Amino acid sequence: MYTVKLSGKIEETDVDASVDIEEVADSASPQFPEPLPDLQAASRTAEQAQAAASTAQTLAMIGIVIGAVGLALGLWGLRRR
């Protein structure tokens, strides 16, 4: 570990300070600008989201058809009375 000693005078004030310097970190950890995201992972995530949306849309259509059939049967039952 290193220590930096600052001494001298600022206007009329004496300065005498010691500051410990931190150890140098590995250059791989902090990066600026931040690294770009993995494009293959982003592509896989987009494909998964698209597949999930497609499944949800199919289930919604099935639900609409079943609801329409139920409504038609209900109306048919009411007319039969």
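Here, each number is a calculation from the coordinates, and none is a lab measurement. Small disclaimer: the values here were computed from a predicted structure and weren't measured. Cβ placement follows ideal geometry from the backbone for every residue including glycine, while neighbour counts extend to all protein chains displayed.
Within the stretch 2-21, can one find any residue that is free of Cβ contacts under 8 Å to residues at least 12 places away in the same chain, exposed (fewer than 10 other Cβ atoms within 10 Å of the Cβ), of a type in the set (A, V, I, L, M) and outside any strand (DSSP E or B)? The answer is no; no qualifying residue exists. Of the numbered criteria (1) assigned to a helix (DSSP H, G or I); (2) touching a Lys or Arg at 6+ places or on another chain (Cβ under 9 Å), the one GLN40 fails is (2).
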